Structures are given as structure tokens and as C-alpha cells.
Amino acid sequence: MGKYSEDARELLNLVGGKENIAAVSHCMTRMRFALADPAKADVPAIEAMKVVKGSFTQSGQFQVIIGNTVSDFYNDFIKEAGIEGVSRDAVKQAAKKNQNLLQRIVTALAEIFAPLIPAIITGGLILGFRNCIDSMYLFENGTKTLCDISQFWSGIDSFLWLIGEAIFHMLPVGICWSVTKKMGTTQMPGIVLGLTLVSGQLLNAYAVAGTPTADIPKWNFGFAQVNRIGSALAAIVCVATSTTASAIGVGGLPGILSIQPKYMASFALCMVIAVAVPLVLTVVIGRKKLGDK
């Protein structure tokens, strides 16, 4: 009999018994449960246990704080429960059924963008450092930057722009890769899609305003010419709703921050449509393909 056998047996009863545990794991200090019915857990009684230092529910997981001895407690618990422990990722997946729709959406977005955070932070630090050496006029009575007076720092500034531009210009590649990884599909098509979105064959968004209409590239199939479809649809929506921005900001959902307040509702509606239409088409087509197999 283990050191924590009695406490483990008590906790097992208080969480609703073996049949109420869909999955269980542990981290550095906590037991992590995915419960079939979270309501069956007697939280006050669990927190009153001498070995327990607290509990909380996060992302559908019921977590019980044990402390640094959680590994020993966990070993005794799975022996008493007669169940197999699983990885934290497995518990996370099992706990998703306890989340509401909004929580599932937020969790999915977090899992998609989490792998991109190191690159975004690195890119931000690089661009911030470049601003310090090429945009702050601190020398010769405030008339020159560090890059203006030093060829070494000018070279560093140019080199860092290669990395910073790659991170943010190629970010769609990372996003598409992360989405396909999250969805459990082949990741190479996602990478190809991302590369297509940043292809040099497409007109740069910043160059649209200064490019004559006749010079905007289009696909010529002989019997028909196809322009940049997304820009055409965006122009129609903007003209129809008279939506205008007060500044140039990021695109997509965060772009609402740059929209004039009186047009935020119409912009939000357009973004909802932009998200809903591909989602519905994906679900419909995906179900049809799965049904044909």
C-alpha cells in the first residue's frame, strides 16, 4: 500500500468514482481530470482534504493542486482507481466535451496561434530594435540616427530587416501550416496555400492605390479575364456599406480597431460573413466527401 493510497481512494470517491473519469494525468503540481460529468465532483469536500491545496476548472479540465509530491500521489491514485494514466494532451482532448461553443472556438484559435508566438515575438523585438537604431535621431544635435553615423550599424539594420520582413511577410505560411496541423490533415498543402498567398505574382496590397487600373494583373483564359477576386469583392462591400477606416491597420478581425466607430458594425458583419461562408462550405463539402467513402 502506497503512502497516498487512502487519500487517493478518498479523492477517487469525491470526483465521482472510476466511471466518472474520462482521462487523468498530472503536471508539476496538479492532478488533471477530464470528468464525464463535472457536476458529480464534490469540490468543497475535495478542497477540505489535507493533501489537497486547492482546485479549479480550466478549459474543461478539473485540476486538483497536490504540490511537489503529485507524481507519487498520481501513481497511488491510478493503482487505486484501476485505470491507465494518459498524457496531458490526451486529457486536454477529452476535456473539450466539457467546454461550451465559445470556449471551444477560443481554444481552437489559441492552439492555432500558440506555435506562432515565438516567431511573432522575435519579429517584434527585431523591428523594435531597428526603430531604435534607424529612426531615433539622437546624434549630432538630433539630426542623425545611429545608422546615419555608423556603417556597421547600418549593415546590422539592413540584415535584421531580412529576418523581420521574412517573419511578418511570410506569416500566412505559418498560419496555414498551423491550421492544417490543428485539423489533423496533411500539412504540406497548408504550406503551399500560405506560399500562394504571399506569392510575388500577386499585387502587393500597399501598391494597389498607386497602380493604374489597366496595370493591375489579371488571369487571362482567352474567353475570360479574372482579376483579383478578393479585392473586387472587398471593394463592392466597402462601397455598398460606405465603410471607411481612420488609419491603415492590420487586416482581418483585428482590423476593426482601425475602422471608424460608426462603421464598425458593418465591418464586423462583413468579417462574420468572411468567416462563416468558408466554414459552412468546408463542413458541407467535407461531409459530402466523407459520405462518399
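Observations, loosely collected:
- Qualifying residues in the range 22-48 (those that are in contact with a Leu (Cβ under 7 Å, 6 or more places away or on another chain) and at pLDDT 90 or above) - the one nearest to Lys92 (Cα to Cα): Ala41
- Checked against the criterion of being exposed (fewer than 13 other Cβ atoms within 10 Å of the Cβ) and of a type outside the set (Lys, Arg), the candidates Pro44, Pro38 yield just one match: Pro44.
- Residue ID - most open to solvent (accessible area, probe 1.4 Å), chosen from residues in the range 2-19 that are in contact (Cβ under 8 Å) with a residue 60 or more places away in the chain and more than 18 Å from Ala36 (Cα to Cα): Lys3
- Identification of helices (runs of 4 or more DSSP H) wholly contained in the range 1-93 with 3 or more residues that are touching a Gly at 6+ places or on another chain (Cβ under 9 Å) and among the hydrophobic types (A, V, I, L, M, F, W, C) yields 70-81.
- Residue list for the range 52-75, restricted to those being open to solvent by less than 20 Å² (accessible area, probe 1.4 Å) and over 32 Å from the mean Cα position of the chain (by Cα): Val52, Phe73
- Qualifying residues in the range 222-268 (those that are within 20 Å of Leu171 (Cβ to Cβ) and small (Gly, Ala, Ser)) - the one modelled with the highest pLDDT: Ser258
- Of all residues in the range 131-181, those that are of a type in the set (Phe, Trp, Tyr), over 24 Å from Glu111 (Cβ atoms) and outside any loop (DSSP other than H, G, I, E, B) total 5.
- Listed by first and then second residue, the pairs linking a residue in the range 149-174 that is within 24 Å of Gln187 (Cβ to Cβ) to a residue that is part of a helix (DSSP H, G or I) and open to solvent by 40 Å² or more (accessible area, probe 1.4 Å), with Cβ atoms under 7 Å apart and 6 or more places separating them unless they lie on different chains, are Ile167/Ala119; Ile167/Thr122; Pro172/Leu197; Val173/Ile191; Val173/Leu195; Gly174/Ala119.
- From Val86, Val106, Val70, residue being touching a strand residue (DSSP E or B) at 6+ places or on another chain (Cβ under 6 Å), of a type outside the set (S, T, N, Q) and at pLDDT below 90: Val86
The values are calculated or read from the model by the stated rules, or taken from the named source; none is laboratory data. Just so you know, these numbers come straight off a predicted model, no measurement behind them. We place every Cβ from the backbone using ideal geometry, glycine too, and count neighbours over all the protein chains shown. Protein only, heavy atoms only, side chains kept; ligands, DNA and RNA dropped before computing areas. Shrake-Rupley method; radii C 1.70, N 1.55, O 1.52, S 1.80 Å.
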